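So the structure is just underneath, and the comments pick up after that.
What follows is calculated from the coordinates using simple rules that are stated; it is not laboratory data. What you see is a predicted model; the values in this text were computed from it and never measured. Every residue, glycine as well, gets a Cβ built from its backbone with ideal geometry; the counts of neighbours run over all protein chains shown.
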Amino acid sequence: MANKSFIIYQGPSLIDGMPIVAIAQVKSGNRKTGDMVQTWILCDKGNDPITESRTGGDSSICGDCPHKGTPNNNAKGWATDRTCYVNLLFAPNGIYKAYKRGAYEAVQGHEAIRAIGLLRGVRLGSYGDPMAVPSYVWESLCSGAEYVTAYTHQHNTMPELVMTSADSLAQAESAWSNGQRTFRVIASLDAIDKANEVLCPASKEAGERVQCAQCKLCGGNSKQAKSVAIVAHGASKRKAKAVVS
């Protein structure tokens, strides 16, 4: 199974009912996260991820996330003012093209999907929001996992595993009041709530002292720890700083 990727879900998005696909990548060389099972949630409407971003079709996998930008009428490129740290030119686009070439085997059933994450770290939503995919898929994938990291901007139906994404202190406080842990993007180090949050240890500001594979803090309420904050980063970090508060 090493070095392979598998289709673990094809069907309607739980966000808007449009076709999506979820692909689990068994091995990963991601410098920040370390070697984890990465999961890519992509629109399955016949358009590549860049086109889906530009036209607003990525709402099927991103919901109302403020970082997906505003659709436009341009002939190419992605959404206007997109601030998501995921660069669509790289993994999402490459994985989508491989999927359309038929490069990935589809697996079904609890045991087959469970085997992919067995004794591994699993990252839900390396791109795309895990709430777009039925929870039974994630339950199977994570049932034998060593640990899980995950984030959502949607209504969090799996708080035991999934961090609630927040882009303001008010959003974070609302989630905390409901007993949820958050992962919050902040504009600067001064914005961190030291009583309730810790700085992401894998971030540049924290000296990149560990990878996610060692840290494991972003496991929802399965971790008894403070919430996590990270300074806006990625190719659009300057724009992102204008979105968060």
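Quick rundown of the values:
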| read-out | value |
| --- | --- |
| Percent antiparallel among DSSP beta bridges (both partners in segment 5-110, rounded to 5) | 90 |
| For segment 120-245, average projected area of the Cα convex hull in nm² | 7.6 |
| Residue list for segment 9-25, given a label point 7 angstrom along the Cα-to-Cβ vector of GLN108 and an amide N cut-off under 19 Å | 9-14, 19-24 |
| Antiparallel content of DSSP bridges confined to the chain, in %, to 5 | 40 |
| Stretch gain in nm, segment LYS204-LEU119, where the contour uses 0.36 nm per residue and the Cα spacing is subtracted | 27.8 nm |
| Sites ALA98 and ASP35, calculated FRET efficiency, Cβ-Cβ separation with R0 22 Å, nearest 0.05 | 0.65 |
| Cβ-placed point charges (K, R +1; D, E -1), dipole of the chain about Cα centre in debye, nearest 20 | 760 |
